[in-house]
Amino acid sequence: MSSSLRLVKEASGSSVSSISLDDCFTSDFEIYKVFVTMEGFSGNHALNMRFINSTGSIITESTSYDYSRQMIKSDSTFSNDNSASSGFIYTGELDDDGMGQMIDVFSPYDSSVYTQMMMRTSGHSGSNWRGQFGGGALQQQSLITGVHFYSNNAGAMTTIKVSVYGLRES
């Protein structure tokens with residue numbers, strides 16, 4: 001089986017603490033790939049993710065999300081992090097050297113199932129590489145139309161670009 005990607009929507013920003021892409025998930029695809037690239041920021045922070053529902057509201061309730069992730073490090077041992085009741089999905093710990101991230105989002109436009117995601121992140125902290133992988137889910141059966149990323153401490157990201165692609169299987 002072969003597959004192809006179709007660019008659905010892109011957004012970028014400079015000196016911002018958050019970025020949203022609304023109306024990027026539709027009934028056209030069941031699987032979406034979200035690519036995030038970021039260069040620099042002010043202050044240590046993590047990049048968190050939330051979904052946007054069909055009314056255009058960012059889902060922020062404190063128990064809406066589950067996530068689990070593992071960070072592997074070139075200079076020390078790995079670490080794990082998880083939450084079974086969170087107000088966000090923790091997608092990556094960041095440093096001012098930037099990062100790249102690929103996120104798979106499953107069935108966001110199907111309001112009869114939980115929207116789930118898997119992510120992979122690669123970044124640099126000083127002279128040391130960091131890799132992260134994990135997954136999460138919105139613990140609501142909602143029609144999801146978009147995605148929102150934000151810095152956990154409101155630090156400004158020097159530049160960030162988010163691209164959403166629909167995955168077509170043939």
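Within segment 27-49, if we keep just the residues that are surrounded by 19 or more Cβ atoms within 10 Å (Cβ to Cβ) and farther than 22 Å from A137 by Cβ, the residue that is modelled with the highest pLDDT turns out to be M38.
Are any residues in segment 1-26 at pLDDT 95 or above and part of a loop (DSSP other than H, G, I, E, B), and if so, which ones? Those that are at pLDDT 95 or above and part of a loop (DSSP other than H, G, I, E, B): D22, D23, C24, F25, T26. Taking segment 107-139 as the search range and keeping residues that are part of a loop (DSSP other than H, G, I, E, B) and in contact with a strand residue (DSSP E or B) (Cβ under 7 Å, 6 or more places away or on another chain), which one is farthest from S64 (Cα to Cα)? Among them, the one singled out is Y109. Taking segment 150-170 as the range and being open to solvent by less than 10 Å² (accessible area, probe 1.4 Å), at pLDDT below 95 and closer than 19 Å to S57 by Cα as the test, only S151 passes.
Taking Q101, is it open to solvent by 20 Å² or more (accessible area, probe 1.4 Å), modelled with pLDDT under 95 and assigned to a strand (DSSP E or B)? Considered against the rule, which asks whether it is open to solvent by 20 Å² or more (accessible area, probe 1.4 Å), modelled with pLDDT under 95 and assigned to a strand (DSSP E or B), Q101 comes out as no.
Is it true that V162 is in a strand (DSSP E or B), in contact with a Cys (Cβ under 8 Å, 6 or more places away or on another chain) and in contact (Cβ under 8 Å) with a residue 24 or more places away in the chain? Spelling it out, it is not the case that V162 is in a strand (DSSP E or B), in contact with a Cys (Cβ under 8 Å, 6 or more places away or on another chain) and in contact (Cβ under 8 Å) with a residue 24 or more places away in the chain. Look through N80, N53, N128 and report the one residue that is surrounded by fewer than 21 Cβ atoms within 10 Å (Cβ to Cβ), within 17 Å of the chain's Cα centre (by Cα) and not charged (D, E, K, R). Every option except N53 fails the conditions. The single condition among (1) farther than 22 Å from Y32 by Cβ; (2) at pLDDT 90 or above; (3) small (G, A, S) that S86 does not satisfy is (1).
The values are calculated or read from the model by the stated rules, or taken from the named source; none is laboratory data. Quick caveat: nothing in here was measured; it's all calculated off a predicted structure. Glycine also receives a Cβ, built like all others from the backbone with ideal geometry; neighbour counts cover every protein chain displayed. Note: areas computed on protein heavy atoms with side chains; ligands, DNA, RNA excluded. Shrake-Rupley method; radii C 1.70, N 1.55, O 1.52, S 1.80 Å.
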